[in-house]
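K.L.:
Pasting in a structure now, in structure tokens, and then I'll have a few things to ask.
The values are calculated or read from the model by the stated rules, or taken from the named source; none is laboratory data. All figures in this text were calculated on a predicted structure; none of them were measured in a lab. For neighbour counting, all protein chains shown are included, and Cβ atoms are generated from backbone atoms with ideal geometry for every residue, glycine included.
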Amino acid sequence: GGSNHNTIIDDPNHKLLQTNNSGPDPKEKCLPTHSDTTQNIRPVQKAELTRLANTFRQVSRLHWILVEDAAARSELMRTTRKVSVWPVGLVGGRRYERPVVENGKVVGWYTGWRADRPFAIDMAGFAVSLQVILSHPKAVFKRRGSQPGMQESDFLKQITTVEELEPKANNCTKVLVWHTRTEKVNLANEPKYHLDTVNIEV
Ligand SMILES: *[C@@H]1O[C@H](CO)[C@@H](O)[C@H](O)[C@H]1NC(C)=O
């Protein structure tokens with residue numbers, strides 16, 4: 001104890017926190033430790049671990065040792081040139097939904113619901129460059145007035161095309177964001193047939 005820096009050690013893929021807060025408050029002497037050595041026990045495990053990390057990063061003088069094994073860090077949305085897309089975990093009653101990518105291009109949607117939507121994607125699954133927004137000043141993401149599940153399509157079709165989408169997260173084969181809810185996770189729409197072509201950890 002008594003060390004004056006906060007370090008979270010984790011696998012480089014999740015890279016949750018690496019800080020050196022020196023704001024010394026001598027009263028804050030407690031050093032909580034969370035350790036997680038297992039993976040994929042529960043569907044929400046990785047999502048909750050990520051949320052826990054984002055909570056812990058508010059705490060100064062915290063020493064958290066998290067042991068995991070994983071590969072290299074993934075791409076980030078900041079490389080978006082126009083509109084980028086990626087898988088979303090724990091959404092639509094499934095472990096994940098994702099854009100289906102072939103030869104680096106989006107060619108369809110792995111989703112349990114209305115894959116015929118122009119953009120069958122959750123709002124957590126895309127980023128738009130500010131330049132695109134500025135050059136489409138009339139584009140709106142409607143709070144009301146869209147058919148159920150059509151909010152994203154109604155917005156995206158104003159500013160881009162499916163062909164133009166930039167797949168992130170290793171051609172949409174990694175889950176890096178989750179659509180969690182304050183209730184027990186619903187996986188009722190997980191497919192029994194037409195399984196995905198890739199095996200993705202959530
Ligand atoms: C995505 O797929 C394209 C085409 O197959 C390939 O050239 C590219 O390297 C892939 N990107 C990643 C990050 O795997």
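K.L.:
Does Ser135 satisfy the criteria of being touching a Lys or Arg at 6+ places or on another chain (Cβ under 7 Å) and either more than 13 Å from the ligand (Cβ to nearest atom) or modelled with pLDDT of 95 or more (or both)? Talk me through it step by step, then tell me what you get.
P.N.:
Details: touching a Lys or Arg at 6+ places or on another chain (Cβ under 7 Å): no; either more than 13 Å from the ligand (Cβ to nearest atom) or modelled with pLDDT of 95 or more (or both): yes.
The answer is no for Ser135.
K.L.:
OK, next. So Lys142 fits all but one of (1) in contact (Cβ under 8 Å) with a residue 12 or more places away in the chain; (2) surrounded by 12 or more Cβ atoms within 10 Å (Cβ to Cβ); what number is the exception?
P.N.:
Going through the list (1) in contact (Cβ under 8 Å) with a residue 12 or more places away in the chain; (2) surrounded by 12 or more Cβ atoms within 10 Å (Cβ to Cβ), Lys142 breaks only (2).
K.L.:
Can you pull out the residues in segment 92-133 that are over 20 Å from Gln147 (Cα atoms), in contact with a helix residue (DSSP H, G or I) (Cβ under 7 Å, 6 or more places away or on another chain) and not in a strand (DSSP E or B)?
P.N.:
Residues satisfying the conditions are Gly104, Val132.
K.L.:
Another one. Quickly run through segment 142-174 and pick out the residues that are in a loop (DSSP other than H, G, I, E, B), of a type in the set (Ser, Thr, Tyr) and more than 16 Å from the ligand (Cβ to nearest atom).
P.N.:
Matches in segment 142-174: Ser146, Thr160, Thr161.
K.L.:
Would you mind telling me which numbered condition in (1) surrounded by fewer than 16 Cβ atoms within 10 Å (Cβ to Cβ); (2) at pLDDT 85 or above Val106 fails?
P.N.:
The one condition Val106 does not meet is (1).
K.L.:
Of the residues Val106, Val198, Val185, which is touching a strand residue (DSSP E or B) at 6+ places or on another chain (Cβ under 6 Å) and within 16 Å of the ligand (Cβ to nearest atom)? Outline the logic, then answer.
P.N.:
Values: Val198 fails: touching a strand residue (DSSP E or B) at 6+ places or on another chain (Cβ under 6 Å); Val185 fails: within 16 Å of the ligand (Cβ to nearest atom).
Answer to the selection: Val106.
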